[in-house]
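Structure first, commentary second.
The values are calculated or read from the model by the stated rules, or taken from the named source; none is laboratory data. Remember, predicted model here, so these are calculated numbers, not experimental data. Neighbour counts run over all protein chains shown; Cβ positions are idealised from the backbone, glycine included.
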Amino acid sequence: MILPRLAGCPYCIDGYQPAGVDLYLGPVYMACQICIDNDAIDVCADCGCDSLFPAFTSAHRLAEHLARYGLAPVLCLGCFGITDFRAIEDHSGGTR
Ligand SMILES: [Zn+2]
Ligand SMILES: [Zn+2]
């Protein structure tokens with residue numbers, strides 16, 4: 001049996017390519033520039049594909065992880081990638 005050749009872009013998986021390790025997010029992916037250049041995927045109208053996609057497998061675990069830094073992710077409404085962080089308000093109410 002001959003395995004089929006790889007279909008599509010050799011630089012990414014489903015339009016996402018590794019984009020290094022973010023200080024807070026850990027390993028992240030971004031939209032594949034090669035696919036964008038070849039019109040294989042659409043450029044996000046909201047962020048221009050500048051958003052990061054963390055390798056975290058669940059949004060809940062990601063939120064817990066970021067909360068340790070006092071941060072919450074700000075999502076792009078176009079592609080649901082992470083565009084920024086915002087500080088979480090401290091609801092513990094007490095003073096140290
Ligand atoms: Zn690609
Ligand atoms: Zn976007």
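I'm trying to understand the selection: among the residues of region 60-74, which are within 18 Å of residue 27 (Cα to Cα) and surrounded by 11 or more Cβ atoms within 10 Å (Cβ to Cβ)? Scanning region 60-74 gives 61, 62, 63, 64, 65, 66, 67, 69, 71, 72, 73, 74. When the residues of region 21-74 are filtered to those that are of a type in the set (Ser, Thr, Tyr) and within 16 Å of ligand 2 (Cβ to nearest atom), the one that is nearest to residue 8 (Cα to Cα) is 29. Selection of region 20-58 for residues being within 13 Å of ligand 1 (Cβ to nearest atom), at pLDDT below 95 and among the small types (Gly, Ala, Ser) yields only 40. Checked against (1) within 13 Å of ligand 2 (Cβ to nearest atom); (2) at pLDDT 95 or above; (3) surrounded by 14 or more Cβ atoms within 10 Å (Cβ to Cβ), residue 77 passes all but a single condition, namely (3). Here residue 39 fits the description: at positive phi, of a type in the set (D, E, K, R) and without any contact (Cβ under 8 Å) to a residue 40 or more places away in the chain. For region 1-83, the strands (runs of 3 or more DSSP E) that sit wholly inside it and include 1 or more residues that are of a type in the set (Phe, Trp, Tyr) are 16-22, 26-31.
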